[in-house]
Amino acid sequence: MTIARHILVALVEDRPGVLNRVSSLLRRRNFNIDSIAVGHTEQPNLSRMTIVVEGDDAKVEQVRKQLDKVVDVVKIVDITSNESVARELALVKVKATASSRSEIIQIVDIFRSNIVDVSSDSVMVEVTGDEEKVNSLLDLLRGFGIREIARTGRIALTRGGAGPLQVEESREVKVPKQAPKAASSEAESPPDW
Amino acid sequence: MKKTGAQILCESLVREGVEVIFGFPGGSVLPLYDTFPQYPKIRHILVRHEQGAAHAADSYARVTGKAGVCLATSGPGATNLVTGIANACLDSSPMVAITGQVARPFIGKDAFQEIDITGITLPITKHNYLVLDANDIARVVKEAFYIAQNGRPGPVLIDIPRDVFQQEATFTYPERVNLPGYKPTLFGHPAQIKKAAETINAAERPVIIAGRGVIISKAFAELKDLAEKAQIPVVTTLLGIGCFPETHVLSFGWLGMHGMAYANKAVYDSDVLIAIGMRFDDRATGVVSSFAPQARVVHIDIDPAEIGKNVRVDVPIVGDIKNILEVLNQQIVPCEHLDWFNQVDKWREEHPALVIRESEALLPQYVIRQIYEITKGDAIIVTGVGQNQMWSAQFFFYDKPNSLISSGGLGTMGFELPGAIGAKVGRPDDTVWCIAGDGGFQMTVQELATIVQENLAVKIAIINNGYLGMVRQWQQLFYGRRYVHTPLSGPDFVKIAEAYGIPALRVTDKKLVVSAIEKAMNHEGPFLVDFVVEPEENVFPIVPPGAALVEALEMPAPEKVTRSSK
């Protein structure tokens, strides 16, 4: 059993308490949530959650199934092994003096990031990218002195045409999960959306 | 036409076919109680503690197969339901719990009797609702009953603020639910069923483990067909007892910690295990690593999350058991499994686990067996939790579904008396025996008043050993016989019963057991018998904690006797 980071994406009803239902279930099953991001989707009344958790495949598959049972969760899939694009956004406030400011701007440029606010003793950097990119920029900026960081946590979409959460096409999509044998494909097969 | 929220709730309950509510009034639900006289179709049973309402509704649901309804006010009323809701959740019992909430302007202000009951019950309900608009009540009730009764059943809680009961709204009852996030799978995947059939047809030493799912799905005939067609021994779980007649030649009792040694042995040695509507609970499997080590496991369950949760599964089939077995049975090749039956029958002869030992003393097992003899097995037995529960499961033979009502998953002492109330209300024409321990009985003894007020002819047997017996047994076997806080004094149960208005008898002599049971049966109303039994009698077999199923200690067990598996 290898412990790995999993990205679960869920379509949920846009109702009060849904985030609580999802996060409390993860807590109950003893999962530490790396990040959780919630936002609106292309469909009214539905929100999308991107949940990053660590655990072995079987445990994550178990919790995915438990989450799927939450009535407000319309659909949830593990896209860890799918080709996908994952991004997060970070805002970083860095100490900046007149002498260090230009060096910071150079680094920010290399990372194709933006300076979004400047004051006499600091700059605010906005960076978007995968986790690695955000982390390496933060490493470089650390030398200047970081005052504050705000990170959104990951959001992710699978590459190509139909996504596994796309409601009308979900029938065809085979979710590539193999945790406890055929269990997951069995669970996935007949829900008539 | 405009109606109040309270009227809309009642109209909706009537449309869902609700005949009985177990409840207890209070401030927040007063507008609802004030409305009840307009709806004489709904019978309200006043309990003495809300926990009793929840257990009664749970038990009512089990004997009738339709959702039980309990009702409590906000705050303490709601929190008192919690144990009963959790009990229903773990035993997959359909229940709709309705709680009052403080009026909307007071929510979040720590108002008098305000509690976040939807927050509290989040992990112990299938779903719950806080209704903030009377216009939503009808839809919410429709959804609640749908969710509670479909798929894997369970409790749903509806929390309604006092002023929503009073708010006026237009009443139309929805014809169907729209729940994109709740679509239980009902039909098994044909390819998986085919695979299961092939696995079963190739089996040499198959065993069926049938759980409560068979009862919920009402798949009794289909299970019997499967077992008889392929000649497969049927073992049940504790909560599956009754889903297959225990007097049937293919019945091999039930498995688990206190299950029959031959049942555990058959499971251990099987090469194909057909698990139907059960969830491989740790009390049923013993230590998982040595549970049926050679078996290919076919697991049929409606809840996909149960597949592969505790035990590795080779052929999972998700769906309604009745539907699946109907298809599966057509693909089963008749078979006899003669060698296998020779083997399991031999085990059954070698380990006749359930023999009552010779004794002049009043043994608890003897009491249960006499209740079986005198009722001819035609009774609903509602048990507490602990020794009384295990003896009830062992020494009574259950041929009918839902004839044993017991708290399995949560193991709730105090379930017995309110549980018996629910069973009697749900099946008034059946004989209902409440088998209680002297410990558990004292947890919900106040419901004797409910029995009297509603004139419910519940027969109560207290298996009174002056101990918290199961815990004492563990102390004896695994904690060096140090009986720390397990001896307990009880009141004079006969006087207690009489004080409530229930005739009662005390039996201390084995010779008087039969006549006492007969007297209880012949009495028209409720009756209590206090059986003062052998205090240190133990439940055998017992699989020690952390041991494999085949390492059960069998009676008599003066010292630890471990049987090897081969």
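Does segment B:320-327 contain at least one residue that is surrounded by 21 or more Cβ atoms within 10 Å (Cβ to Cβ), β-branched (Val, Ile, Thr) and within 28 Å of residue B:544 (Cα to Cα)? So far as segment B:320-327 goes, no, none of its residues is surrounded by 21 or more Cβ atoms within 10 Å (Cβ to Cβ), β-branched (Val, Ile, Thr) and within 28 Å of residue B:544 (Cα to Cα). Among the residues making up segment B:290-327, those that are in a helix (DSSP H, G or I), away from chain A (no Cβ under 14 Å) and in contact with a strand residue (DSSP E or B) (Cβ under 8 Å, 6 or more places away or on another chain) are B:290, B:321, B:325. Just one residue in the set A:65, A:69 is within 13 Å of chain B (Cβ to nearest Cβ), closer than 22 Å to residue B:127 by Cα and free of Cβ contacts under 8 Å to residues at least 24 places away in the same chain; that residue is A:69. Among the residues of segment B:114-129, those identified as within 28 Å of residue B:216 (Cβ to Cβ), open to solvent by 10 Å² or more (accessible area, probe 1.4 Å) and over 22 Å from the mean Cα position of the chain (by Cα) are B:118, B:120, B:129.
For the condition more than 10 Å from chain B (Cβ to nearest Cβ) and touching an Asp or Glu at 6+ places or on another chain (Cβ under 6 Å), what is the one hit in A:38, A:52, A:60?
Only one candidate qualifies: A:52.
In segment B:195-217, the count of residues that are surrounded by fewer than 17 Cβ atoms within 10 Å (Cβ to Cβ) and of a type in the set (S, T, N, Q) is one or more. Please work out which residue is surrounded by the most Cβ atoms within 10 Å (Cβ to Cβ), limiting yourself to segment B:272-288 and to residues that are at pLDDT below 95 and outside any loop (DSSP other than H, G, I, E, B). So the residue we want is B:284. Of all the criteria given as (1) at positive phi; (2) touching a helix residue (DSSP H, G or I) at 6+ places or on another chain (Cβ under 7 Å), the one not satisfied by residue A:111 is (1).
Condition check for residue B:347 on (1) farther than 17 Å from residue B:270 by Cβ; (2) part of a helix (DSSP H, G or I): one failure, at (1). Scanning segment B:538-553 turns up one or more residues that are touching an Asp or Glu at 6+ places or on another chain (Cβ under 6 Å), part of a loop (DSSP other than H, G, I, E, B) and either over 19 Å from residue B:459 (Cα atoms) or of a type in the set (Lys, Arg) (or both). Annotation note: of B:31, B:76, B:25, the sole residue that is modelled with pLDDT of 95 or more and surrounded by fewer than 18 Cβ atoms within 10 Å (Cβ to Cβ) is B:76. Restricting attention to segment A:54-87, which residues are touching a Ser or Thr at 6+ places or on another chain (Cβ under 7 Å), open to solvent by less than 10 Å² (accessible area, probe 1.4 Å) and within 18 Å of residue A:131 (Cβ to Cβ)? Selection gives A:79 alone.
Criterion applied to B:144, B:138, B:111 was being hydrophobic (A, V, I, L, M, F, W, C), farther than 23 Å from residue B:89 by Cβ and crowded, with 17+ Cβ neighbours inside 10 Å, and the one residue passing it is B:138. Here's a check for you: in segment B:237-271, which residue that is aliphatic (A, V, I, L, M), open to solvent by less than 20 Å² (accessible area, probe 1.4 Å) and touching a residue at least 40 places away in the same chain (Cβ under 8 Å) is farthest from residue B:289 (Cα to Cα)? Taking the candidates together, the pick is B:241. For the residues B:550, B:529, the requirement of being crowded, with 18+ Cβ neighbours inside 10 Å and at pLDDT below 95 singles out B:550. Identification of helices (runs of 4 or more DSSP H) wholly contained in segment B:410-463 with 1 or more residues that are open to solvent by 10 Å² or more (accessible area, probe 1.4 Å) and in contact with a strand residue (DSSP E or B) (Cβ under 7 Å, 6 or more places away or on another chain) yields B:416-426, B:448-453. Evaluated against (1) at pLDDT below 85; (2) polar (S, T, N, Q); (3) open to solvent by 50 Å² or more (accessible area, probe 1.4 Å), residue A:128 falls short on exactly one condition, (1). Candidates in segment A:92-104 are the residues that are surrounded by 16 or more Cβ atoms within 10 Å (Cβ to Cβ) and hydrophobic (A, V, I, L, M, F, W, C); of these, the one that is nearest to the other protein chains (Cβ to nearest Cβ) is A:92. Every condition in (1) at pLDDT 95 or above; (2) in a loop (DSSP other than H, G, I, E, B); (3) away from chain A (no Cβ under 14 Å) holds for residue B:354 except the one numbered (1). Among the residues of segment B:150-175, just one is within 14 Å of chain A (Cβ to nearest Cβ) and either in a helix (DSSP H, G or I) or without any contact (Cβ under 8 Å) to a residue 40 or more places away in the chain (or both), namely B:150. Remark: pairs (first residue in segment B:472-501, over 30 Å from residue B:453 (Cβ atoms); second residue of a type in the set (Val, Ile, Thr); Cβ separation under 6 Å; 6+ apart in sequence or on different chains) = B:472/B:486; B:486/B:471.
Considering segment B:218-236, the residues that are in a helix (DSSP H, G or I) and out of contact with any strand residue (DSSP E or B) (no Cβ under 9 Å at 6 or more places or on another chain) include one that is surrounded by the fewest Cβ atoms within 10 Å (Cβ to Cβ), namely B:221.
Checking the stated criteria, residue B:50 turns out to be among the acidic types (Asp, Glu) and buried (at least 21 other Cβ atoms within 10 Å of the Cβ). Can residue B:355 be described as more than 23 Å from residue B:126 (Cα to Cα) and surrounded by 18 or more Cβ atoms within 10 Å (Cβ to Cβ)? Against the criterion (more than 23 Å from residue B:126 (Cα to Cα) and surrounded by 18 or more Cβ atoms within 10 Å (Cβ to Cβ)), residue B:355 does not qualify.
The values are calculated or read from the model by the stated rules, or taken from the named source; none is laboratory data. Nothing here was measured: the structure is a model prediction, and the numbers come from that model. Every residue, glycine as well, gets a Cβ built from its backbone with ideal geometry; the counts of neighbours run over all protein chains shown. The protein model used for the area step is the full one, side chains on, heavy atoms only, and it has no ligands, DNA or RNA in it. Shrake-Rupley method; radii C 1.70, N 1.55, O 1.52, S 1.80 Å.
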